[in-house]
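S.K.: The structure under discussion is supplied below as structure tokens; questions concerning it will follow.
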Amino acid sequence: MSSRTFDRETLLDLIVNAIPLVMMAFFVGVFVLYNPFGTDLANQAIQLSIVIITFGALLVLTYFSGRAISKAESELEESPEEFAEPQAAAADPSEATTPDYDEEEFGEVTSDEPPEDAAAIAAKDADDESADDE
């Protein structure tokens, strides 16, 4: 493992949190330099504390998730066979699986005509459509 805490792949995984962090830092700067909600110190303290606490929580969460990702990647590099996907089935046709149904229970189709129930349903639908057109 490298001497850095986070490698390039981990940083790419964590970049999704950079945009909200930048946005919150921007708003803290705007609210400190230009106070759009008046000069009441209590309101300004509440407003800034909400943004700063959220910023800090996201920063801590990002750091610990980065550590967890780095740890998982290092474990995967140490023992890749433990986390490997199972091998595909053999290409030998004799080892192929059998279907889940019994082919004998399905009767052989002897006619090209649909079953009577299907014909009755189709006729009923045609009658309903012609009644709607009137």
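Derivation of every value follows stated rules applied to the coordinates shown; laboratory data play no part. Quick caveat: nothing in here was measured; it's all calculated off a predicted structure. Don't worry about glycine lacking a Cβ; one is built from the backbone with ideal geometry, like all the others, and counts go over all protein chains shown.
S.K.: Starting from 0.36 nm per residue, how many nanometres of slack lie between residue 73 and residue 22 once their C-alpha separation is accounted for? Intermediate values should be presented prior to the final figure.
M.R.: Details: separation 51, 0.36 × 51 = 18.36 nm, distance 2.71 nm.
Residue separation times 0.36 nm, minus the Cα-Cα distance, leaves 15.7 nm.
S.K.: Another question about this same structure. Order of 52, 121 from fewest to most other C-beta atoms within 10 Å? All intermediate terms of the calculation are to be shown ahead of the outcome.
M.R.: On the way: 52 15, 121 12.
With the fewest neighbours first, 52, 121 line up as 121, 52.
S.K.: Which of 44, 15, 70 sits farthest toward the positive end of the charge dipole of segment 8-78, with +1 on the Cβ of Lys and Arg and -1 on the Cβ of Asp and Glu?
M.R.: Of the candidates, 44 comes out farthest on the positive side.
S.K.: I would also like to ask the following. So what is the relative contact order of segment 8-78, in percent, for Cα pairs below 8 Å that sit 6 or more residues apart? Kindly include the intermediate steps, with their values, before the conclusion.
M.R.: Values: 24 pairs, mean separation 34.3, N = 71.
Relative contact order comes out at 48 percent.
S.K.: Give me the number: length gained by fully extending residue 64 to residue 7, i.e. 0.36 nm times residue separation minus the C-alpha to C-alpha distance, one decimal in nm. Don't skip to the answer; put the middle values down first.
M.R.: On the way: separation 57, 0.36 × 57 = 20.52 nm, distance 1.44 nm.
Using 0.36 nm per residue and subtracting the Cα-Cα distance, I get 19.1 nm.
S.K.: Please list, by residue number, every one of the trypsin sites (Lys or Arg not before Pro) in segment 1-79 that is coil in DSSP and has at most 15 other beta-carbon atoms within 10 Å. Write out the running numbers ahead of the final one.
M.R.: On the way: sites: 4, 8, 67, 71; in loops: 4.
Passing sites in segment 1-79 are 4.
S.K.: Relative to the Cα centre, what is the charge dipole magnitude of segment 8-78, using +1 at the beta carbon of each Lys and Arg, -1 at the beta carbon of each Asp and Glu, and rounding to the nearest 20 debye?
M.R.: Details: 3 positive and 7 negative charges, 66 e Å.
The dipole magnitude comes to about 320 debye.
S.K.: Still on this structure: Once you list every other residue whose beta carbon is under 12 Å from the beta carbon of residue 15, what net charge do they have if Lys and Arg are +1 and Asp and Glu are -1?
M.R.: On the way: positive: 8; negative: 9, 13.
Once all neighbours under 12 Å are counted, the net charge is -1.
S.K.: Multiply the residue gap between residue 124 and residue 48 by 0.36 nm, knock off their C-alpha separation, and tell me the result in nm, one decimal place.
M.R.: Details: separation 76, 0.36 × 76 = 27.36 nm, distance 6.91 nm.
Between residue 124 and residue 48, full extension yields an extra 20.5 nm.
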